[in-house]
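Please read the structure below before turning to the comments.
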Amino acid sequence: MKLLEFQAKKILSENGIPVPASRFIESVADLDSTDFPTVLKAQIPVGGRGKAGVVRVAMDKNEAKKIAADIFATKVKGYEINTLLAEEAMNIRDEFYICGLNDKESNRPMFITSREGGVDIELLAKEAPEKIMRKKIDPLVGLMEFDIRDMATGLGIPCDKAFVSIVRGIWNVMRRQDATLVEINPLAITDTGLVALDGKIILDDNAGFRCNDRMTEIRSGQEGRIVKEKSAPEILAEKYNISYVLLDGDIGIIADGAGTGMLTLDLVKDLGGIPANFCEMGGKAAAEAAEQAMEIVLANPNVNSLLISLIGGLTRMDQVAEGIDAYLQKNSCQIPIAVRMCGTKAEEGVRILASHGIAAKADLSETAKMAVNYGGK
Amino acid sequence: MAIFIDRDTRILIQGITGNVGAFQTRIMKEYGSNIVAGVTPGKGGQNVDGIPVYNLVTEAVREHAIDAAISFVPAPFAKNAAYEILSAGIPFLVLTTEGIPENDNIDIVRFAELTGNRVLGPDTPGLISPGRSKMGVHPQLMFKEGSVGVVSKSGSLSYEVGRVLTNAGIGQSSVVGIGGGPVWGTTHKEVLREFENDPETKAVVLLGEVGGKLEHHAAEFIKSHMTKPVVAMIVGRSAPEGAQMGHAGAIVEGEEGTATSKLKALKEAGAHMATTSHEIVKILQQMGV
């Protein structure tokens, strides 16, 4: 789960990392009691807010009101903006980049640092990789004092108490609060010392079982604040917790595995068709998941034909067929459906589908061809 | 021979009394896997299909010689369970569990490294050495004994390819699922090395997908170390950037995660490229495998 900036900063602050004083701005009127100059920052879960013009400095109340009204009227990557953070503007002497994450190459927690703060780190990695420093930490040893000293030396700053406390804070959020990313960009040297001017935290959804209360609190803090236009199938997919990606074509796709789902998508494209979506049912109860997947994929009005790609390993084909059957009994479905079905209990599954006039095939390429031909009609 | 497991591999099942564990144990046993013991805390003294159940891995290890373990333990307890296996010195752990927190996976993989043991997974369907043994959930009817090694991130994709190979009369030495990531205890590259060293394996099918860099590392290994032919297929060529395609690790982020860059690297390394399972068969047949 990606946290909003104000949520990330609350966690940073609780872990001994200084952040600027701030307040919520939910309407222009809230600016009446704000101190100036101030930095107005849109609270949306996307990067590049500065470039999008939704992080701006206001010198006085009039300017702030104008800027706030502008930002409230802006949409960034489909997100509405209805909360701003008004932060004290600080005098920046120098700025750095620091981030903690798990490096998937080495399977180690890693700090990434750079003397260049406030930059697009991916761009910097491409254009000037020598400016980026990486410090891997042994997860079973933990963060050591010499690791921190090493990082300070790389950044060219003293390894004082303030810096140690910031690095330890990041480490604690990563390891004790199950963050998969803790990024401070920039970490600034201000008149009052080191301050995290921005904060980004991603919490591990898989760790929900050991920090359920905090996850719930964060989710409720995002309610009404993260507002994005979503299509009908995306809303359903979220509700049912089924993996779904909306695409721009007309051939709906449902698969019972991630790998075969991607293969099916590729096959359709290679055959000249355009997929309307990617949808993988995952390891849920087969009948229920199949019915839900049908509902999700067919909620997209652009879908002109449906391709269901099934290979029964753990999933039982008779159960999947029951789910498809349940959907078709409850809903009128006018579009042609091509089904590839094989594996565990496929014979029963094929029989159930035949009652709807669907002739399931065992070969994936052939079935994909059928669906593409249907779509071309 | 096959890789990692064979007819005589002595297997321990962790989480043997759970729904999935008990069900899969029966199927593996029927297939011929040499399952010697099971562990579930609090269920010691029971038996599942005649397999003795112990409270502790150390107890099982005292009573039986064990070469490999497979864990069906749910995510909240998976790290503790994996540590128990690795501490007991069992050299090969198949970790089927999905949804383990990332930090736990990082710790498990590091602990395996320190204890000199191997973890396959997490979130893996396991592996099958057709006709001999299986540790995992591969539907056995789709596989038959032979000389083609298969390594895949995705379970379903390895079933798909296994099925088409088997229908074409091409058997497999071992079919190994490494898991959907984004943390892998065993990578494509390491499995390729095993196949390269396995006298029975004549050719290898590498199945990859978008996201991460594993396929790039595999390509480097193919270029520098593989003498056996490799046929590769990368799925997710049409995946949009930033979208998660079912697997936690299958997100195109940056140039190296794209199918295009993986295809290019593998092709340059000398792998034969396929876009469908039928093409894989055709290429293998042309090689005379």
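The values are calculated or read from the model by the stated rules, or taken from the named source; none is laboratory data. Keep in mind that what you see is a predicted model, and the values were worked out from it rather than measured. Using ideal geometry, Cβ is built from the backbone for each residue, glycine included, and neighbour counts are taken over all protein chains shown.
Laid out as a table, the results:
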| read-out | value |
| --- | --- |
| Residues of the stretch A:335-359 that turn out to be of a type in the set (K, R) and not in a loop (DSSP other than H, G, I, E, B), as a count | 2 |
| Given (1) within 14 Å of chain A (Cβ to nearest Cβ); (2) buried (at least 18 other Cβ atoms within 10 Å of the Cβ), number of the condition B:H217 does not satisfy | (2) |
| Residue under evaluation A:E105, criteria (1) free of Cβ contacts under 8 Å to residues at least 12 places away in the same chain; (2) in a loop (DSSP other than H, G, I, E, B); (3) more than 30 Å from A:K51 (Cβ to Cβ), criterion not met | (3) |
| Test set (1) facing another protein chain (nearest Cβ under 7 Å); (2) in a strand (DSSP E or B) - B:G208 fails condition number | (1) |
| Output for the stretch B:4-28, where each listed residue is surrounded by 22 or more Cβ atoms within 10 Å (Cβ to Cβ) and aliphatic (A, V, I, L, M) | B:I5, B:I11, B:L12, B:I13, B:I16, B:M28 |
| Subset of the stretch B:73-99 (residues that are more than 18 Å from B:T58 (Cα to Cα), within 13 Å of chain A (Cβ to nearest Cβ) and hydrophobic (A, V, I, L, M, F, W, C)) | B:A75 |
| Sole residue being surrounded by 15 or more Cβ atoms within 10 Å (Cβ to Cβ), among the basic types (K, R), part of a helix (DSSP H, G or I) and at negative phi, chosen from A:K66, A:K41, A:K10 | A:K10 |
| Residue, farthest from B:I128 (Cα to Cα), within the stretch B:53-100, restricted to residues that are in contact with a Gly (Cβ under 8 Å, 6 or more places away or on another chain) and among the charged types (D, E, K, R) | B:E59 |
| Flag if A:A86 is of a type in the set (A, V, I, L, M, F, W, C), on the phi < 0 side of the Ramachandran plot and surrounded by fewer than 15 Cβ atoms within 10 Å (Cβ to Cβ) | no |
| Any hit, the stretch B:145-155, residues being surrounded by fewer than 24 Cβ atoms within 10 Å (Cβ to Cβ) and among the acidic types (D, E) | yes |
| Count of residues meeting criterion [hydrophobic (A, V, I, L, M, F, W, C), free of Cβ contacts under 8 Å to residues at least 60 places away in the same chain and assigned to a helix (DSSP H, G or I)] in the stretch A:276-297 | 6 |
| Count - residues of the stretch B:161-171 that are more than 12 Å from chain A (Cβ to nearest Cβ), out of contact with any Ser or Thr (no Cβ under 8 Å at 6 or more places or on another chain) and surrounded by 24 or more Cβ atoms within 10 Å (Cβ to Cβ) | 0 |
| Filter result for the condition that a residue is assigned to a loop (DSSP other than H, G, I, E, B), more than 9 Å from chain A (Cβ to nearest Cβ) and either under 21 Å from B:S173 (Cβ atoms) or out of contact with any Asp or Glu (no Cβ under 8 Å at 6 or more places or on another chain) (or both), over B:K282, B:K228 | B:K228 |
| Evaluation of B:P199 against (1) surrounded by fewer than 24 Cβ atoms within 10 Å (Cβ to Cβ); (2) modelled with pLDDT under 95 (one fails), failing number | (2) |
| Residues within the stretch B:262-289 that are of a type in the set (S, T, N, Q) and either modelled with pLDDT under 95 or surrounded by 20 or more Cβ atoms within 10 Å (Cβ to Cβ) (or both), tallied | 1 |
| Residue match in the stretch A:200-212 (condition: closer than 30 Å to B:E279 by Cβ and more than 10 Å from chain B (Cβ to nearest Cβ)) | no |
| Residue check for A:A276: surrounded by 24 or more Cβ atoms within 10 Å (Cβ to Cβ) and more than 14 Å from chain B (Cβ to nearest Cβ) | no |
| Residue in the stretch B:100-119 that is within 14 Å of chain A (Cβ to nearest Cβ), on the phi > 0 side of the Ramachandran plot and modelled with pLDDT of 95 or more present | no |
| Any hit, the stretch B:130-137, residues being part of a helix (DSSP H, G or I) and crowded, with 24+ Cβ neighbours inside 10 Å | no |
| Flag for A:A276 being over 27 Å from A:L3 (Cβ atoms) and either out of contact with any His (no Cβ under 9 Å at 6 or more places or on another chain) or of a type in the set (A, V, I, L, M) (or both) | yes |
| Subset tally (residues that are of a type in the set (D, E) and at the interface with another protein chain (Cβ under 8 Å from one of its Cβ atoms)) for the stretch B:138-160 | 1 |
| Verdict on A:T192 being under 20 Å from A:E88 (Cα atoms), polar (S, T, N, Q) and surrounded by fewer than 16 Cβ atoms within 10 Å (Cβ to Cβ) | yes |
| Tally of residues being surrounded by 17 or more Cβ atoms within 10 Å (Cβ to Cβ) and touching a Ser or Thr at 6+ places or on another chain (Cβ under 8 Å) across the stretch A:133-152 | 3 |
| The stretch B:180-196, residues that are at pLDDT 95 or above and in contact with an Asp or Glu (Cβ under 7 Å, 6 or more places away or on another chain) | B:V183, B:H188 |
| Identity of the residue in the stretch A:325-346, surrounded by 14 or more Cβ atoms within 10 Å (Cβ to Cβ) and of a type in the set (D, E, K, R), that ends up farthest from the other protein chains (Cβ to nearest Cβ) | A:D325 |
| Qualifying residue in the stretch A:302-317 (condition: within 14 Å of chain B (Cβ to nearest Cβ), within 25 Å of B:T166 (Cα to Cα) and part of a helix (DSSP H, G or I)) | yes |
